[in-house]
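Step one of this worksheet: look at the structure below.
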Amino acid sequence: MTPAELEAARDRIVPDVAAGGLSVLFCGINPGLMSAATGHHFARPGNRFWPVLHLSDFTPRQLKPSEQDELLTYGLGITNVVARATARADELSAEEFREGGRLLVEKVERLRPRWLAVVGITAYRTAFGERHARIGPQERTIGDTRIWGLPNPSGLNAHWTAQTMAEEFARLRHEAEAEADRA
């Protein structure tokens, strides 16, 4: 993909991979330019979302971004806090995050997943005004939907390795499975 093709994808929206009643709706910060150019979530080669999803046993094999619709067969989906694509998340304003949080609440109320998993705790903090939120389950709920903060899988997030991210994703998977068994 050329730099011009990537730049042409700025401000595009990548459609959600979502349906009603999912087990987990993963929520990214916003699409990057590679995702917007391809129409596939977490498409940048250095992004660790797809490997971590597999390492944590959410999927039986590592899916490619182009196979994102297969997530629905596992009761999983993807959306974003902010819909418009940018080269970097720091191009988004706090107001965009707050508005994105408001729209996300509406989406979750409509789709009613069991869990909303926000990948990027800083985005969660800003979107929901939860300045002290930490990775893991949150006290806030949206209706019956529980919320879990996950580390950002971007290759730029050097604080987390793929393995430590997978361990956190697996904590969510275990909780989601235990909750489903109780239901």
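The values are calculated or read from the model by the stated rules, or taken from the named source; none is laboratory data. Note that this is a predicted model, so its numbers are computed, not measured. As a convention, Cβ positions derive from the backbone with ideal geometry for all residues, glycine included, and neighbour counts pool all protein chains shown. Ligands, DNA and RNA are stripped out before the accessible areas are found, and what is left, the full protein with its side chains, is counted by its heavy atoms. Shrake-Rupley method; radii C 1.70, N 1.55, O 1.52, S 1.80 Å.
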Most to least accessible of Thr161, Thr59 (protein chains only, probe 1.4 Å): Thr161, Thr59
Taking only C-alpha pairs under 8 Å that are 6+ residues apart, what is the relative contact order of the chain in percent? 27 percent
Please report the carbon-and-sulfur percent of the accessible area for the chain; probe 1.4 Å, protein heavy atoms only, DNA, RNA and ligands left out. 51 percent
Can you pull the accessible area of Phe169 for me, 1.4 Å probe, Å² to the nearest 10? 0 Å²
In whole Å, what are the extents of the stretch 94-156 along the principal axes defined by its C-alpha atoms, from largest to smallest? 32, 24, 22
The stretch 1-149 accessible area per residue, 1.4 Å probe, protein heavy atoms, integer Å², reads 48 Å²
Charge tally for neighbours of Glu99 with beta carbon under 12 Å away, counting Lys, Arg as +1 and Asp, Glu as -1, is 0
Please state the shape class of the stretch 1-64: rounded when a/c is under 1.5, otherwise prolate if a/b exceeds b/c and oblate if not, all from the C-alpha gyration tensor. oblate
With a ≥ b ≥ c from the Cα gyration tensor eigenvalues, square-rooted, and the rule rounded for a/c under 1.5, otherwise prolate when a/b > b/c and oblate otherwise, the stretch 38-172 is rounded
